[in-house]
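Engineer: My questions will all concern the structure given below.
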Amino acid sequence: MKKVVILIVGLLLTTHVIAQIPYYAGTVGNGKIYGYTSLKVRPGINHQETYTTFQYGLGDHFATGLDLYTAPGSTYWGALVRYGWTVSKWFNIGAEMTPSFNLNDSFKFSYLTSALYLNGAISRNGRLFWCTNTWWIVNRDSPFTLSNYEYLGYTIPLKKGYAITPMAGTIHSWKFDQDVDIAAGCYLTLKNWNVYVWGNDFLKDHPRFILGIDFVY
């Protein structure tokens, strides 16, 4: 019974961990710091999550950092390395690897997250663009997951150099063992800051909504 409970919790965890805002291929930049934090809620049930990461740019293509994920009864700490390469404005590629450890279980290794980030412009002015995130998560106590996010976005310029970017897309498992999910949201850019309002699981009984904020300095 204990192993069954661990398996179920592990499967739920991997679904929550990968369901983030879209990520782009580029890294933060040499000597710069990137920070992001978010709160995720499902109205109607008691399941609040948080995700926080801080990253530091090592050159123009590499970054390293730490992250922290929490949910009811769960706390995981991760250390990440990230690479990004701008091929052209039409195509960019990045990758990330993050081993995570259970702070509620003697800091034991829990899962390894590997990610492939692709994005690029569709229109010549770059306002219309595409973005995909592929997530491969290998768990210590449950089967691996392999999922993909596909988004289209459009950046709308505002006054004072600000902008708002709505995005919409789908989330699906490469195992094709579950229903395709719809995800959508937008972020408001205020110079070095972005404010995110996001959501997914819209076709389920308890959709999830995400409020996040990030910065680069």
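The values are calculated or read from the model by the stated rules, or taken from the named source; none is laboratory data. Since this is a predicted model, take the numbers as computed values, not measurements. Reconstructed Cβ throughout: ideal geometry from the backbone, glycine too, with neighbour counts over all protein chains shown. Just so you know, the surface numbers come from the protein's heavy atoms only, side chains and all, with ligands and any DNA or RNA stripped out. Shrake-Rupley method; radii C 1.70, N 1.55, O 1.52, S 1.80 Å.
Engineer: On the basis of being at pLDDT 95 or above and surrounded by fewer than 16 Cβ atoms within 10 Å (Cβ to Cβ), does ILE45 make the cut?
Structural biologist: no
Engineer: Every residue in the range 171-202 that is open to solvent by 20 Å² or more (accessible area, probe 1.4 Å), assigned to a strand (DSSP E or B) and among the polar types (S, T, N, Q), please.
Structural biologist: Within the range 171-202, THR189, ASN194 qualify.
Engineer: Let me ask something else about it. List pairs: first residue in the range 132-146 and closer than 22 Å to GLY120 by Cβ and open to solvent by 50 Å² or more (accessible area, probe 1.4 Å), second residue of a type in the set (Ser, Thr, Tyr) and at pLDDT 95 or above anywhere in the structure, Cβ distance under 7 angstrom, at least six positions apart or on different chains.
Structural biologist: Matching pairs, first to second residue: TRP136/SER114.
Engineer: I'd like to know if the range 100-114 contains one or more residues that are of a type in the set (A, V, I, L, M) and not in a loop (DSSP other than H, G, I, E, B).
Structural biologist: Scanning the range 100-114 turns up at least one residue that is of a type in the set (A, V, I, L, M) and not in a loop (DSSP other than H, G, I, E, B).
Engineer: Just one of the numbered conditions (1) free of Cβ contacts under 8 Å to residues at least 24 places away in the same chain; (2) surrounded by 16 or more Cβ atoms within 10 Å (Cβ to Cβ) is not true of ARG124; which one?
Structural biologist: ARG124 satisfies every listed condition except (2).
Engineer: Yes or no: LEU39 over 18 Å from TRP193 (Cα atoms) and open to solvent by 80 Å² or more (accessible area, probe 1.4 Å)? Explain how you work it out, then say what you get.
Structural biologist: Details: over 18 Å from TRP193 (Cα atoms): no; open to solvent by 80 Å² or more (accessible area, probe 1.4 Å): yes.
Spelling it out, it is not the case that LEU39 is over 18 Å from TRP193 (Cα atoms) and open to solvent by 80 Å² or more (accessible area, probe 1.4 Å).
Engineer: Among LEU112, LEU66, LEU116, LEU103, which is the only one that is at pLDDT 95 or above, closer than 19 Å to VAL216 by Cα and either open to solvent by less than 20 Å² (accessible area, probe 1.4 Å) or of a type outside the set (Ser, Thr, Tyr) (or both)?
Structural biologist: When all the criteria are applied, what remains is LEU66.
Engineer: Would it be correct to say that LYS204 is farther than 20 Å from THR134 by Cβ and of a type in the set (Lys, Arg)?
Structural biologist: yes
Rundown of residues vs (1) closer than 19 Å to TYR217 by Cβ; (2) of a type outside the set (Ser, Thr, Tyr); (3) modelled with pLDDT under 95, yes/no style:
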site	(1), (2), (3)
LYS2	no, yes, yes
ALA19	no, yes, yes
TYR36	yes, no, no
LEU58	yes, yes, no
TYR76	no, no, no
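Engineer: Does any residue in the range 96-111 that is on the phi > 0 side of the Ramachandran plot come within less than 7 Å, Cβ to Cβ, of a residue that is modelled with pLDDT of 95 or more and surrounded by 11 or more Cβ atoms within 10 Å (Cβ to Cβ) six or more places away or on a different chain, and which pairs are these?
Structural biologist: PHE107/PHE101
Engineer: Does VAL81 fit the bill of being over 25 Å from ILE33 (Cβ atoms) and part of a strand (DSSP E or B)? Don't jump to the end; show me each part of the working.
Structural biologist: Working: over 25 Å from ILE33 (Cβ atoms): no; part of a strand (DSSP E or B): yes.
Against the criterion (over 25 Å from ILE33 (Cβ atoms) and part of a strand (DSSP E or B)), VAL81 does not qualify.
Engineer: Of the residues VAL28, VAL9, which single one is modelled with pLDDT under 95 and not small (Gly, Ala, Ser)? Let's see the steps before the verdict.
Structural biologist: Working: VAL28 fails: modelled with pLDDT under 95.
Criteria check complete, one pass: VAL9.
Engineer: So which pairs qualify, if the first residue must be in the range 23-36 and among the polar types (S, T, N, Q), the second must be open to solvent by 40 Å² or more (accessible area, probe 1.4 Å), the Cβ gap must be under 6 Å, and the two must be at least 6 apart or on different chains?
Structural biologist: ASN30/ASP60
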